[in-house]
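Trainee: Following this message is one structure expressed as structure tokens.
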Amino acid sequence: MEYSVSNITVMEGLDAVRARPAMYIGSIGPRGLHHLLWEIVDNAIDEAANGFANEITVTLHRDNSVTVTDNGRGIPVGIHEKLGVSGVEVVFTQLHAGGKFGNDAYGYSGGLHGVGASVVNALSRWVTVEVCVDNRLYRQEFESAEGADGKLHSGKPRMPLTELGRTRGRQGTVVQFLPDDRVFETIQMSFDTVQKRLRELAYLNRGVRMVIEDKRGSEMKRAEYRFAGGISDFVKYLNKENNSIYDPPVHLSGSYGDILVEFAMQHNDGYADNLFSYVNNIPTADGGTHETGFRTALTRVMNEYCRRAGVLKDKDPQLAGEDFREGLTCVLSLKMRNVQFEGQTKGKLGNTEAKPAVEAVVTQALTPYWEDLRNTDTANRIAEKAVKAARVREQTRKAKETARAKNKLESAPLVGKLSSCTGRDTSVNELFIVEGDSAGGSAKQGRDRRFQAILPLRGKPLNVEKKRLEQVLQNEEFRSVITALGAGIGEDFDLRSLRYNKVVILSDADQDGAHIRAILLTFFYRYMRPLISEGHVYIGMAPLYKVTYPSSAPLYCYDDKALQTALKGGKKNYSLQRFKGLGEMSADQLWETTMDPAQRRLTRVTIEDAAEVEHLVSVLMGDKVQSRKEYIFEYADFNRHDTLFERIKKV
Ligand code: TTJ
């Protein structure tokens with residue numbers, strides 16, 4: 001007989017998830033698909049973070065199902081008092097019962113995710129759960145199946161939780177699920193995406209072994225991470241291309257009320273201030289109250305140290321916060337309840353209580369740390385660097401003042417490079433930022449000059465990641481971009497003065513092109529964010545091939561797949577031209593394929609795309625062996641559907 005659930009509203013809940021999946025997991029593209037996995041992994045991480053598990057394995061199977069295993073205490077198998085079914089069944093069928101089961105089992109629980117295992121169940125063709133506890137093995141299966149009403153219902157238990165027999169020495173939870181291909185655009189998870197996230201989680205959860213196995217190919221792919229130093233190892237990794245001025249990193253933690261705060265920091269001899277913050281293992285790329293608390297405390301504690309150590313004399317003014325953050329690489333990790341993420345990408349922590357908590361923990365941990373003689377050397381190096389930074393800051397300020405006075409006289413902007421358009425309607429005007437002078441030349445000839453302006457970028461704009469704003473402003477390529485857009489930069493940026501409705505990045509489909517694109521996106525993301533969030537930034541897609549037939553119109557192919565399809569058509573008599581770069585295209589070709597609004601393909605860059613590129617460039621960079629360019633090319637390629645970016649929209 002079919003197993004039926006006592007509580008009918010349970011099924012209605014899961015059906016609601018199926019009806020509007022995006023409301024629960026963000027999207028039905030690759031991002032949403034991976035979200036399913038993070039939901040399950042989150043539960044295992046909770047168990048590990050509370051000290052009951054130290055190994056988590058993710059296995060990608062040939063049929064696209066995924067298994068997550070931990071060696072924790074196991075999902076409760078006892079019968080839930082009110083609901084009359086096992087804990088396992090509650091977790092997988094009750095919306096919002098997620099990892100917060102019983103609410104007291106854990107000190108804290110998931111954050112942005114945390115919509116729970118039931119959502120995964122609702123969006124899977126089937127789920128199997130095995131729990132090993134007290135040397136007994138239990139199993140339950142769920143599937144989407146027809147109900148008594150003749151309709152399809154998802155996540156229905158096929159049987160109650162059943163004891164299968166005895167085990168020896170095994171303990172923990174094994175969850176396997178097959179994402180429903182009727183819900184998702186694709187159900188193939190990406191090894192790279194999973195691998196990177198597991199590595200990040202391994203850094204954030206010291207000592208937990210994270211394993212990924214991919215059994216889909218002819219040979220099994222596998223990666224394994226375990227960091228005994230936790231976020232201290234993370235900081236070292238982030239700093240490995242830099243010269244750190246002390247080692248090991250300063251790594252401290254503490255709690256304030258029920259908020260756990262942990263940070264690791266290490267200064268290098270550069271200038272960038274890189275603070276990477278996480279709340280419940282979720283990156284907060286846009287900062288928030290916890291970061292503010294950290295900065296306030298660091299500035300105060302360091303100024304106090306400088307007074308005490310005599311680095312600052314009585315008459316000397318306090319050093320500025322930014323002085324202590326020059327060359328700082330820091331990872332800040334919080335664990336707390338009732339997290340509120342704000343902003344468009346939900347990347348900003350909004351909880352007001354986080355600021356005083358971080359401030360208190362950092363102050364109370366760092367003050368005695370500097371009093372320990374073994375750490376004096378580190379403190380002095382930071383102080384010394386800050387004093388230098390303050391000196392430079394003062395010089396820059398003076399230099400700027402004179403420059404500004406001068407500029408007023410000879411305000412001849414960099415008009416030379418920009419070929420502006422004749423029309424004055426900024427709501428239709430477009431700016432093409434084109435890689436290289438030769439492509440720039442073709443674009444100038446091919447464009448519709450009434451509304452299309454061309455800005456060729458010579459050489460390469462500098463990598464903003466490792467630079468201060470002043471340095472960015474000194475770079476000629478960026479200056480020309482800023483001037484052309486006419487809307488200012490940083491805090492002064494004002495969309496109302498923007499001269500173009502569309503800003504189109506046109507770069508070659510090779511490594512250099514991807515690198516330039518990533519640098520430009522990172523630049524816009526950091527210094528002109530509304531430009532992206534209001535949807536003004538686009539990636540222009542130039543074709544890679546031209547297939548010419550004797551009698552019919554030529555065909556342009558934008559990727560290898562399209563070429564294959566084109567050649568399969570059967571027409572034997574064709575000639576093939578491969579464009580190695582934009583520069584190889586004639587003005588007419590460039591217009592026809594890439595610039596003409598009636599025929600071109602543009603991908604609009606979303607704020608999520610840009611945030612991801614920035615996260616990729618600054619945190620998830622691969623090993624030294626792989627060059628930066630190759631890495632960006634591989635993972636931030638807007639031409640590929642299967643990596644970071646979900647959709648290519650035609651605009
Ligand atoms: C709850 O409180 C009693 C002891 O066990 C706690 C618990 O839920 N542990 C637990 C859940 N360990 N692992 C999980 C888990 C692991 C995976 C892979 C998936 C899910 C939904 C839960």
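The values are calculated or read from the model by the stated rules, or taken from the named source; none is laboratory data. A quick note: this is a predicted structure, and the numbers were derived from the prediction, not measured. So basically every Cβ, Gly included, is an ideal-geometry build from the backbone, and we count neighbours across all protein chains shown. With ligands, DNA and RNA removed, areas are computed over all heavy atoms of the protein, side chains included. Shrake-Rupley method; radii C 1.70, N 1.55, O 1.52, S 1.80 Å.
Trainee: Could you please state, rounded to a whole Å, how far the C-alpha centre of region 334-403 is from the C-alpha centre of region 8-71?
Mentor: Each part reduced to its Cα centre gives a spacing of 35 Å.
Trainee: Continuing with the same structure: Give me the dipole magnitude in Debye, nearest 20, for the chain about the Cα centre, with unit charges on the beta carbon: positive for Lys and Arg, negative for Asp and Glu.
Mentor: Working: 88 positive and 86 negative charges, 329 e Å.
With only Lys, Arg, Asp and Glu charged at Cβ, the dipole is about 1580 debye.
Trainee: Whole-Hz Karplus ³J(HN,Hα) for region 496-512, in order, using 6.51 cos²θ - 1.76 cosθ + 1.60 and θ = phi - 60°, x for Gly and Pro?
Mentor: 5, 8, 4, 8, 9, 7, 10, 10, 10, 8, 10, 10, 5, 8, 10, 4, 4
Trainee: Can you pull the semi-axes for region 535-622, root of five times each eigenvalue of the Cα gyration tensor, sorted largest first, whole Å?
Mentor: So the three semi-axes of region 535-622 are 31, 16, 12 Å.
Trainee: Can you give me the solvent accessible area of His615 with a 1.4 Å probe, rounded to the nearest 10 Å²?
Mentor: Looks like 40 Å² after rounding.
Trainee: Turning to a different aspect of this structure: Just want to confirm a number: the relative contact order over region 147-282, from Cα pairs under 8 angstrom separated by 6+ residues, in percent.
Mentor: Relative CO of region 147-282 lands at 14 percent.
Trainee: Right, another one. Would you mind computing, in nm to one decimal, how far apart the modelled labels at Arg374 and Arg458 are, each placed 7 Å from Cα along Cα→Cβ?
Mentor: 5.6
Trainee: With each label point set 7 Å from Cα along the Cα-Cβ vector, what nm distance links Glu470 and Ala320?
Mentor: Reported label-point gap for Glu470 and Ala320 is 0.9 nm.
Trainee: Let me ask something else. Please give me the summed charge of the neighbours of Gly288: other residues whose Cβ is under 14 Å from its Cβ, Lys and Arg +1, Asp and Glu -1.
Mentor: Working: positive: Arg295, Lys346, Lys348, Lys355; negative: Asp286, Glu291, Glu342, Glu353, Glu359.
Residues near Gly288 contribute -1 overall.
Trainee: First select every other residue whose beta carbon is under 12 angstrom from the beta carbon of Arg424; then total the charges, Lys and Arg +1, Asp and Glu -1.
Mentor: Its environment carries a net charge of +1.
Trainee: How big is the charge dipole of region 212-333 about its Cα centre, in debye rounded to the nearest 20, if each Lys and Arg gets +1 on its Cβ and each Asp and Glu gets -1 on its Cβ?
Mentor: 160
Trainee: May I ask you to derive the FRET efficiency for Arg182 and Ala148 from their Cβ-Cβ distance with R0 = 22 Å, giving the value to the nearest 0.05?
Mentor: On the way: r = 21 Å, r/R0 = 0.96.
For R0 = 22 Å, the calculated efficiency reads 0.55.
Trainee: Compute the distance from the alpha-carbon center of region 524-553 to that of region 223-245, in whole Å.
Mentor: 37
Trainee: Where the Cα atoms of region 558-605 are projected onto their three principal axes, how long is each span, largest first, in whole Å?
Mentor: 34, 24, 20
Trainee: What ranking do 250-258, 368-376, 199-207 get when scored by the average of other Cβ atoms within 10 Å per residue, highest first? Please report the intermediate quantities before stating the final value.
Mentor: Numbers: 250-258: 16.6, 368-376: 12.6, 199-207: 21.0.
Result, highest mean Cβ count within 10 Å first: 199-207, 250-258, 368-376.
Trainee: Tell me, what ³J(HN,Hα) does each residue in region 308-320 have, in order and in whole Hz, if you take phi through Karplus 6.51 cos²θ - 1.76 cosθ + 1.60 with θ = phi - 60° and put x for Gly and Pro?
Mentor: My calculation for region 308-320 gives 4, 7, x, 5, 9, 8, 3, 6, 5, x, 4, 7, 7 Hz in order.
Trainee: Subtract the Cα-Cα distance of Ser586 and Asp192 from 0.36 nm times their separation in residues, and report this length gain in nm to one decimal.
Mentor: On the way: separation 394, 0.36 × 394 = 141.84 nm, distance 3.75 nm.
My answer for the length gained is 138.1 nm.
Trainee: Return a whole-number percent for the relative contact order of the chain, with Cα pairs under 8 Å and 6 or more residues apart as the contact set.
Mentor: On the way: 1260 pairs, mean separation 60.4, N = 651.
This gives 9 percent for the chain.
Trainee: Which distance in nm do the two modelled labels at Asp273 and Glu491 give, with both placed 7 Å along the Cα-to-Cβ direction?
Mentor: Output for this residue pair reads 1.1 nm.
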